[in-house]
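The structure appears right after this line, and notes come after that.
The values are calculated or read from the model by the stated rules, or taken from the named source; none is laboratory data. None of these values were measured; they are calculated from a predicted model. Backbone-built Cβ (ideal geometry, glycine too); neighbour counts: all protein chains shown.
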């Protein structure tokens, strides 16, 4: 995110940088509120420190957390997960809990029981001798935690103290059934709806209200799997894609109306646990046992969508048990066979199924895409930084995150989480946090060298040295008009010089008129350009106009418009999800989105633009 420093500069310099005194724009810490992240795709738009040496490899905290195969979600300074505990005499857990940990130190803040079942709680085996546990990951929205237990109990809990707001038993209330290895799918939430496969009766795909847990819609008669459904926008159409026992099923998330189906090119067998992975108009799915791997293209014709198979492989080497891959620039990256701790990390062409490269001994861990790199946790607990390119496997860095690997009691089958530069790693026995944040940059007040020349110093807000690998990405922009969008400010050609961890730029013309300066870093590392809000413009005495553009200056694609939201608040300390969402229409023109907000004068308001969670 672009960071602006607003110093009080000496009047003699005729240089300043400022925003409106009555309105503020703000950037809030990125959260990881649902399984596989804010956009359900394992992709983070954050920048991270890629110099994995020294203190970076030491955990901020490491805590014992048994048992569970669930991931972590992060919101409002808390980390949420599920565990199985209260062991009987043979060492098997009897109860399932949702835990909230402090993001600061890993301490348990509260625990709420969400499941108690007749022993054994997890009877199907195949995991380990002592670390089996829940597989579903809690979701966090607007100060509430939503939990789907192993035996189909849906809960809404208070995120602050774990108090039960409501609960719904899908088995007792809707006649649902529990499949072998129980529920592993996480609740997926959007626009006030919770999406689950309830395995109930003749319409098994369901949406429940986040407010009170009532059923909003149910659709399609499909057998349940362990796969978490995926939300995606394909050809401009928002959709919810389930991997059921018979095939891929896509529905309208607001109504449950069927959009398209694709019967599997194999017969379902035993268990299917990976989620559909979506890239543009391609949907990929991998399954283990006697099943296989395939990709389909979604073709739009008028208002109808159909799925056409691109390729299918039944080869064992192309199968994957449960670790959903990430997609980037037409390729996917993730864990494939063998089905053990020697499993390969592969790069595969989405359109053809061709394997570009494979690397041994990653195991059945998880993969994130962060910028142009992969962050991978191996089954044995190493965190590895890998370049996301199709040419060859390139390992950039590695450190051990989780100690004491054991295939029976401590392994990393859990998905990673990344929030505000903090990497959260969980195994079936531990959870840990690592600080991979990149310190923000600020400009010191300029130093006058001559009457027309000034020296600008760039440093980190923390006082840590600027790493040399950041230097090439720094840019300083100048403008005589502070109202211009930052992308239109002139980029100085002066080369920053790094000395003792501080970058210096000499500006050769600071004569009148007054100039404004800003330091930033490029966003070209991200597959989708970030969005920025320009300083608000007062349209009338009671209205202001907000302009949204990309940080790179490239036009906003029309298919992003439906997913954008602008929120406003008079209280900066509120969690982002608690900020009211503006209902004003977003208008796209010449690659820039505008929205008008009313009630501008008072009190002071803060605005943020984001895309669907």
Residue among 418, 448, 436 that alone is in contact with a helix residue (DSSP H, G or I) (Cβ under 8 Å, 6 or more places away or on another chain) and under 24 Å from residue 378 (Cβ atoms): 436
Number of the condition not met by residue 271 [criteria: (1) outside any strand (DSSP E or B); (2) modelled with pLDDT under 95; (3) farther than 25 Å from residue 69 by Cβ]: (3)
From the options 358, 331, 351, residue that is surrounded by fewer than 18 Cβ atoms within 10 Å (Cβ to Cβ), closer than 18 Å to residue 285 by Cβ, in the same structural domain as residue 266 (by TED's automatic domain parsing) and touching a strand residue (DSSP E or B) at 6+ places or on another chain (Cβ under 9 Å): 351
Members of the range 128-158 that are surrounded by fewer than 22 Cβ atoms within 10 Å (Cβ to Cβ) and part of a loop (DSSP other than H, G, I, E, B): 128, 129, 130, 142, 143, 151
Of all residues in the range 210-249 being modelled with pLDDT of 95 or more and touching a helix residue (DSSP H, G or I) at 6+ places or on another chain (Cβ under 9 Å), the one that is surrounded by the fewest Cβ atoms within 10 Å (Cβ to Cβ): 215
In the range 305-316, the residues that are farther than 13 Å from residue 351 by Cα and either touching a helix residue (DSSP H, G or I) at 6+ places or on another chain (Cβ under 7 Å) or without any contact (Cβ under 8 Å) to a residue 24 or more places away in the chain (or both): 315, 316
Count - residues of the range 201-217 that are under 23 Å from residue 262 (Cβ atoms) and within 27 Å of the chain's Cα centre (by Cα): 4
Residue within the range 360-373 that is over 25 Å from residue 432 (Cα atoms) and under 26 Å from the mean Cα position of the chain (by Cα) present: no
The range 563-583: number of residues that are modelled with pLDDT of 80 or more and either exposed (fewer than 15 other Cβ atoms within 10 Å of the Cβ) or not in a strand (DSSP E or B) (or both): 7
Index of the failed condition, residue 205 passing every other in (1) within 24 Å of residue 83 (Cβ to Cβ); (2) without any contact (Cβ under 8 Å) to a residue 60 or more places away in the chain; (3) buried (at least 19 other Cβ atoms within 10 Å of the Cβ): (1)
Those strands (runs of 3 or more DSSP E) lying entirely in the range 161-202 with at least 1 residues buried (at least 22 other Cβ atoms within 10 Å of the Cβ) and touching a helix residue (DSSP H, G or I) at 6+ places or on another chain (Cβ under 8 Å): 193-197
